[in-house]
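Here's the structure, in structure tokens; my notes come after.
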Amino acid sequence: MTDDSPATGAPRSVRVRTHAAEHRRRASHLYGLVISGSVLAAAPDDFGLVRLGSAVVGTLLVYWLAESYAHWTALRALQGRPLTPHERREVFLDGLPLVAACAVPVTVLVVEAALGVEPGLGVRVALAINAALLVVVGWNMAGEGGISGWRRVGASALTGALGLAMVVLKLGLHH
């Protein structure tokens with residue numbers, strides 16, 4: 001059913017899909033940082049930094065393709081018809097923040113490699129930066145969601161706890 005939305009005059013299905021797309025984009029960025037942290041945490045200390053950066057990007061590309069395919073299939077089933085070229089493009093674009101989330105940690109790894117940083121230290125630094133990014137994303141998303149004060153601090157701390165979990169995983173796996 002596509003009755004018109006009173007606020008925009010647009011069909012409800014279009015408005016809902018747009019809201020869902022924005023939701024997916026924001027969630028994908030956060031999820032991309034968690035996956036990046038997971039790959040960083042699982043890497044052996046002697047893994048090359050550039051090689052690890054490639055592994056992070058490659059892992060996120062596979063997740064993005066798998067998740068986009070799942071969304072494509074689900075949307076097609078919900079619509080009961082093949083997707084239009086615009087819908088297909090949007091499904092893939094909506095998930096790109098998952099891959100883009102690794103830009104900072106991967107850049108850190110590449111710069112560290114160029115500077116000759118020891119791989120074990122380089123991975124720990126990239127993992128710490130990734131965890132800090134999770135706190136920032138949690139802070140920003142909480143604020144955009146109307147959360148303020150101690151609740152906002154708590155929300156960003158909870159998001160940061162995901163990064164801390166990756167640090168603990170790294171220490172547990174390799175020490």
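The values are calculated or read from the model by the stated rules, or taken from the named source; none is laboratory data. Keep in mind that what you see is a predicted model, and the values were worked out from it rather than measured. Glycine also receives a Cβ, built like all others from the backbone with ideal geometry; neighbour counts cover every protein chain displayed. Calculation scope for accessible area: heavy atoms of the full protein, side chains included, ligands and nucleic acids excluded. Shrake-Rupley method; radii C 1.70, N 1.55, O 1.52, S 1.80 Å.
At a glance:
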read-out: Gain in span if fully extended, residue 121 to residue 61, counting 0.36 nm per residue against the direct Cα distance; value: 19.0 nm
read-out: Inter-label distance for residue 83 and residue 169, nm, one decimal - labels placed 7 Å from Cα along Cα-to-Cβ; value: 2.7
read-out: Estimated inter-spin distance, residue 25 and residue 103, nm [label 7 Å along Cα→Cβ]; value: 1.3
read-out: Paired Rg and Dmax values of region 105-175, which use every Cα atom, in angstrom; value: 14.5, 44
read-out: Förster radius 22 Å - calculated FRET efficiency between residue 75 and residue 132, Cβ distance, rounded to 0.05; value: 0.05
read-out: Over region 49-175: Kirkwood hydrodynamic radius from C-alpha pairwise inverse distances, Å; value: 16.8
read-out: Accessible surface of the chain [probe 1.4 Å, protein heavy atoms]: carbon and sulfur percent; value: 70
read-out: Within-13-Å neighbourhood charge of residue 48 [Cβ basis; K, R +1; D, E -1]; value: -3
read-out: Å² of accessible area per residue within region 59-175, as computed with a 1.4 Å probe and no ligands counted; value: 56
read-out: Net charge dipole size for the chain [Lys, Arg +1 and Asp, Glu -1 on Cβ; Debye, nearest 20]; value: 400
read-out: Choice from 77, 113, 42 with maximal GNM fluctuation in the chain (Cα, 10 Å cutoff); value: 77
